[in-house]
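J.: My questions all concern the structure below.
The values are calculated or read from the model by the stated rules, or taken from the named source; none is laboratory data. This one's a predicted model, so the numbers in the text were calculated from it and none came from an experiment. FYI the Cβ positions are ideal-geometry reconstructions off the backbone, even for glycines, and counts take in every protein chain you see. For accessibility, only protein heavy atoms count, side chains too; no ligands or nucleic acids. Shrake-Rupley method; radii C 1.70, N 1.55, O 1.52, S 1.80 Å.
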Amino acid sequence: MRLRFAQSANGFAVAIAIAVLLCAGSVPAQNPDSLMPEASAAKAKQILQQLIDAFGGPTYMDIRDSQCEGRLARFGHNGELSGYTNFKDYWRYPDANRTEFSKKGVVINLYVGDQGWTLDKGGVSDLSAASVADFQEQAKKDINNLLRIRLKEPGMTIRYGGTDIVDLKTIDWVDITDPEQRNFRLAVDRSSHLLARAVVSTPDESMNSRNVETNIFTNFQLMDGVRTAMQITTDRNGRRSSQVFFSICKYNSGLPADLFTKASLGKRFSEVGSKKYKDEKKKEKEEN
């Protein structure tokens, strides 16, 4: 009898736990429409300041450059994992980025404003206008650029988006819309004040719809005084596209200015690429 009662009690507890989880995942956001626009903006700005403070306050806002290392997981159109690539990512904010991939050789993509180059086994070449335009768009959607620079731009609309449950955490939504109709929905954890996720939607004129990119931030660690998400999962239009696993990040380490130049790629190719490329070409000729 005692065993049966214990089993029943455990089953009841499990049932309650499942019910709580199901309810938590379906709790709708509180309606923020009762707030006047000025009050809504003030509440949203208060939450954003708490988020900035949680990231590191003045230390976070004063970041001029960063360098991070880790692994990038890519996913196919069917959502299955297609493999991992080691990488190093360098930023000189707001619009200079260099990413080095080291899977089967060295590949580097470098963007500086409205210019872009790539290094592969064939040497250094210009990136296409479409690739540069995509990078510029990503820079405008970058959450660090948004919080540190873009919030001060004229024409930005900021409002409180209500309370919700996300990943079993109570969060506050902050909605931000820029003059070009990019909409940022930031989910800020009420307990830690850290960013749980960012949903960015942009107009897609060709499809008469909007593209939606969701970034999920987890495993925050303190790096050089900045609270850093060591794992970022990205979904695009409802499909998993990538996961980033950082092993280390450094900030304001004094990256050399010539790291973000086309000449630096030429120098790197002369060091690691040219001999290997020539050897491969020589081997191909011998085989043919």
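J.: Full-extension gain between ASN78 and ARG236, please, as 0.36 nm times their residue separation minus the C-alpha to C-alpha distance.
T.: 55.6 nm
J.: When ranked by the protection proxy of mean other Cβ atoms within 10 Å per residue, highest first, what sequence do the peptides 254-262, 219-227 form?
T.: Packing proxy ranking, top to bottom: 219-227, 254-262.
J.: If you don't mind, another one. Using 26 Å as the Cα-Cα cut-off, could you pick out the over-long pairs in LYS45/LYS141; LYS88/LYS121; LYS169/LYS250?
T.: LYS169/LYS250
J.: So what's the gap between the Cα centers of the stretch 47-120 and the stretch 137-172, to the nearest angstrom?
T.: What the calculation gives is 19 Å, centre to centre.
J.: Determine ³J(HN,Hα), in whole Hz, for all residues of the stretch 253-265 in sequence, where each value follows from phi through the Karplus function 6.51 cos²θ - 1.76 cosθ + 1.60 and θ = phi - 60°; x replaces Gly and Pro.
T.: Using θ = phi - 60°, the values come out as 8, x, 4, x, 4, 6, 5, 9, 10, 4, 4, 5, 5 Hz.
J.: Could I ask something else about it? Averaged per residue, what accessible surface does the stretch 95-136 expose to a 1.4 Å probe, in Å²?
T.: With the other protein chains kept in place, the stretch 95-136 gives 49 Å² per residue.
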